[in-house]
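Have a look at the structure below before the remarks.
Values in this text are rule-based calculations from the coordinates and carry no lab data. This structure is a prediction, so every number in the text was calculated from the model and none was measured. When we count neighbours, we look across all protein chains shown, and the Cβ atoms used for this are built from the backbone with ideal geometry, even at glycine.
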Amino acid sequence: MLVIDCQVHPFLADSPQRPWAQPHDDGRPHVTADEMVMAMDAVGVDGAIAVSPRGMYAFDPSYAIEVQRTHPERFAIVRPVDPENPAVGETIAEWKRTPGAVAVRLMLGAHLGLDPKTQGIDVVAREAARQGLPVNFQCSGNLDAATALIDRHPQTRFVLDHLGIRQPRKMPAMPEAWADLPKLLALAKRPNAVVKVSGACTMSTQPYPHDDIWDNLQRVFDAWGLDRCLWGTDWTRTYPLFPYINGVEPFRLNQRLSESDKAKLMGETCAKVYGWKPMSSCVQRHPKGAYNPS
């Protein structure tokens, strides 16, 4: 089974050579490209979409480019773009020419304070479609504004980050973590949108393997269809909460989904949405049963 993590965030330690845009104290000073590959290999993840973390690097994608250049067979890359930048259209056109680039990211989450009426938001949607790039859409807490934008740009492919929901930074989650689920289910009617089932384990009120998330996730699968759902861990945002394997195995070992459904959710849909696959499989890297995720 091809396994692609639809969102990971490798980053370097804060340094004068590449300083962080904002201070972070999440308990780990760095997760480099090499360290991310080691984590993926340990649990049988073939490839990942490396999203430049805005918290560390703002709108500078240079480390994401380095990640892809170092491991082109394992990573495709996504950069956030600034809708308040008058040259954002040119930025998207330049990104399209970058090796391994498969999407741009628009950050409209309510916690970020961007006015949904900012003119550049429509520029991002329009220019991404012109360049044939999906828009990774962080819109938690702003699903009404997100729906309006998706409706204004039916030619743009929107990829909703993290179930379109503001996910907890601490566990166990509170029951109200799923409060916006009805809005997400309603969005499924928009054919130009797909949804990342990323970071879902952070929404559990129970310890590993987080069995209580599955009733709500089944509602998402029923509404959106597994050909429009992409699994991901959102590691390294989630590393203060659990190790990488804990974001993988609850999905790989789940008994509610058939093997063909798991294959769609954990890799096939991601490959279709982004038009990208890793160049080598976990089976090839761990021949004759040598791979052991434990």
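Compute for the stretch 116-240: radius of gyration divided by Kirkwood radius, i.e. Rg/Rh, restricted to C-alpha atoms, rounded to two decimals.
Details: Rg = 14.7 Å, Rh = 15.0 Å.
Reported Rg/Rh (Cα atoms, Kirkwood Rh): 0.98.
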Problem - ³J(HN,Hα) computed for each position of the stretch 246-257 - Karplus, 6.51 cos²θ - 1.76 cosθ + 1.60, integer Hz, glycine/proline x - result: 6, x, 9, 5, x, 8, 4, 9, 4, 8, 6, 9
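Of all DSSP beta bridges in the stretch 4-285, what percent run antiparallel (nearest 5)? Numbers along the way, then the final one.
Values: 1 of 27 bridges.
If we restrict to bridges inside the stretch 4-285, about 5 percent are antiparallel.
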Problem - Alpha-carbon radius of gyration plus Dmax, which is the widest Cα pair, for the stretch 1-148 in Å - result: 15.6, 44
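Note down the relative contact order for the chain as a percent, whole number, built from C-alpha pairs under 8 angstrom at least six residues apart. Let's see the in-between values first.
Working: 541 pairs, mean separation 61.6, N = 294.
Contact order relative to length: 21 percent.
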Handout entry: Compactness of the stretch 183-262, expressed as Rg and Dmax over alpha-carbon positions, Å
Key = 12.7, 35
Practice task
Enumerate the whole-percent occupancy of each 10 Å bin, from 0 to the last occupied one, for all C-alpha pair distances of the chain.
Solution key: 6, 30, 38, 22, 3, 0
Problem - Those trypsin sites (Lys or Arg not before Pro) in the stretch 62-146 that DSSP places in a loop and that have at most 10 other beta carbons within 10 Å - result: ARG97, LYS117
Exercise for the section: Between the alpha-carbon centers of the stretch 129-204 and the stretch 53-74, tell me the distance in whole angstrom. Expected result: 23
Completion exercise
In nm, the gap between the two label points placed 7 Å beyond Cα toward Cβ at ASP34 and SER258 is 4.4
Handout entry: Nearby aspartates and glutamates by direct alpha-carbon distance to LYS277 (threshold 12 angstrom, same-chain neighbours under 8 apart not counted)
Key = ASP5, ASP46, GLU73, GLU268
Exercise for the section: Can you list which of the trypsin sites (Lys or Arg not before Pro) found in the stretch 137-196 are DSSP loop residues with at most 11 other C-beta atoms within 10 Å? Expected result: LYS170, LYS189
